[in-house]
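Right, one structure below, let's go through it.
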Amino acid sequence: MRPDRAPEPDAALRIGVAGAGVAFLASAALAGRLAVQHMALLGEICGASAPHCGWCAAAAALFAMGLASLAWAARPAPAPLKVRG
């Protein structure tokens, strides 16, 4: 069964960005787990006496990107432009 009309481009873009946001958050969770394992291997918390590892930085960056993507996808729709003429 075919839909009567295609989705609006803005709605399709929002869905795609929301999906990317979920993927970023899932990746942040994985990077966070690897950071915890790395800290357990070192026996200390990154940043206290050792510099932050790449897993810590990746988890923080992916988490921020995920939140930003979901916030962008959930923003209110822009008002239609009024054309004077």
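A short reminder: the numbers here are calculations on the coordinates, not readings from a lab. Because the structure is a prediction, the values reported are computed rather than measured. So basically every Cβ, Gly included, is an ideal-geometry build from the backbone, and we count neighbours across all protein chains shown.
For n ≥ 4 DSSP H runs only, could you compute -39500 (n - 2.57) per run for the chain, divide by its residues and tell me the 222 nm figure to the nearest 500? Only helices count here, giving -22500 deg cm²/dmol. Between the helical axis of 54-73 and the longest alpha-carbon principal axis of the chain there is an angle of about 20 degrees. Shape summary: region 11-54 maps onto an equivalent ellipsoid whose semi-axes, from the alpha-carbon gyration tensor, are 33, 9, 5 Å in decreasing order. Protection proxy ranking, highest mean first, for peptides 43-53, 12-22: 12-22, 43-53, where packing is the per-residue count of other beta-carbon atoms within 10 Å, averaged. Relative to the Cα centre, the charge distribution of the chain, modelled as +1 at Lys and Arg Cβ and -1 at Asp and Glu Cβ, gives a dipole magnitude of about 420 debye.
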